[in-house]
1. Could you sort 98-109, 38-49 so that the peptide with the highest average Cβ count within 10 Å comes first and the rest follow in order?
2. Can you return the aspartates and glutamates within cross-link range of K168? Criterion is Cα-Cα under 15 Å, with same-chain partners fewer than 8 residues away left out.
3. Kirkwood Rh, the stretch 117-190, all Cα pairs: how many Å?
4. Report, in listed order, any pair from K9/K79; K33/K79; K33/K94; K33/K180; K9/K94 with a Cα-Cα distance greater than 23 Å.
5. How much mean residue ellipticity at 222 nm does the chain get from its helices, if each DSSP H run of length 4 or more adds -39500 (n - 2.57) and you divide by all residues, to the nearest 500 deg cm²/dmol?
6. Give the dimensionless ratio obtained when the Cα radius of gyration of the stretch 23-185 is divided by 2.2 N^0.38 Å.
7. Cα centroid distance between the stretch 150-190 and the stretch 65-112, in Å?
8. Cross-link partners among aspartates and glutamates for K88, C-alpha distance below 12 Å, same-chain residues fewer than 8 apart left out?
Amino acid sequence: MTLMLPFTKMVDLANGTIPGGQDIQVRHLADLKGLFADSAAESALLPENPVIYRVYLGAHQPEVVGQLSFSTTVIYPGKVGEEYFFTKGHYHAKGDRAELYFCLRGEGILLLQTREGEVNVQHMTPGAAALVPPYWGHRTINTGQDEFAFFACYPSDAGYDYAAIAEKGFASLIVERDGKTEMIPNPSWL
Ligand code: S6P
Ligand code: ZN
């Protein structure tokens, strides 16, 4: 066994970034193509191809049992049609791996769903610690006017299954109607 040394990374609480982190993933609209319900609105915005969110990896540990990795995600404010900007969303490839989210700034929704289609909504405001239990797919959505940022800590071997969400989406959509945030059924959900 190789003994790893403890370490500390600072999260910038003002903006939710991890300065000097190991990696930054940038997700533009083109990376989320096909995920928004209003495909006409999506196509209209594609030439502009805005950045939807960034993921700042604080620690990407070896993908083995017992290790923890952590990151922050900053989702920018905006909508495609009436649907707020969101993350791609995934199940963990190892479905029995849980995850913890801690909201740093802004406001948003953690939308969870089982493979059987049961949906759950957690409201995220600064200070909210939300648990993603094993087997729940998860997507985060910026329902506010400002950037929405949260910290995530997860087993390093959890992995990602994006395919199921990319194919079927979530059973519910989070939209703005008449200036209010609403959850509506996804008309394309089978
Ligand atoms: C990883 C964790 C987050 C997301 C990030 C982006 O298990 O849930 O770090 O990766 O919020 O979301 P997505 O769906 O694009 O990976
Ligand atoms: Zn996850």
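Quick note: the coordinates plus some simple rules give every number you see, no bench work behind them. Note that the structure is predicted; figures quoted are calculated from it, not measured. So basically every Cβ, Gly included, is an ideal-geometry build from the backbone, and we count neighbours across all protein chains shown.
1. 98-109, 38-49
2. D38, E116, E118
3. Details: mean 1/r = 0.0692 Å⁻¹.
Hydrodynamic radius (Kirkwood, Cα only) of the stretch 117-190 equals 14.5 Å.
4. Result: K9/K79; K33/K94; K33/K180; K9/K94 exceed 23 Å.
5. -1500 deg cm²/dmol
6. Values: Rg = 15.0 Å, N = 163, 2.2 N^0.38 = 15.2 Å.
Taking N as the residue count of the stretch 23-185, the ratio is 0.98.
7. Measuring centre to centre over Cα atoms gives 9 Å.
8. Correct list for K88: D31, D161, E167.
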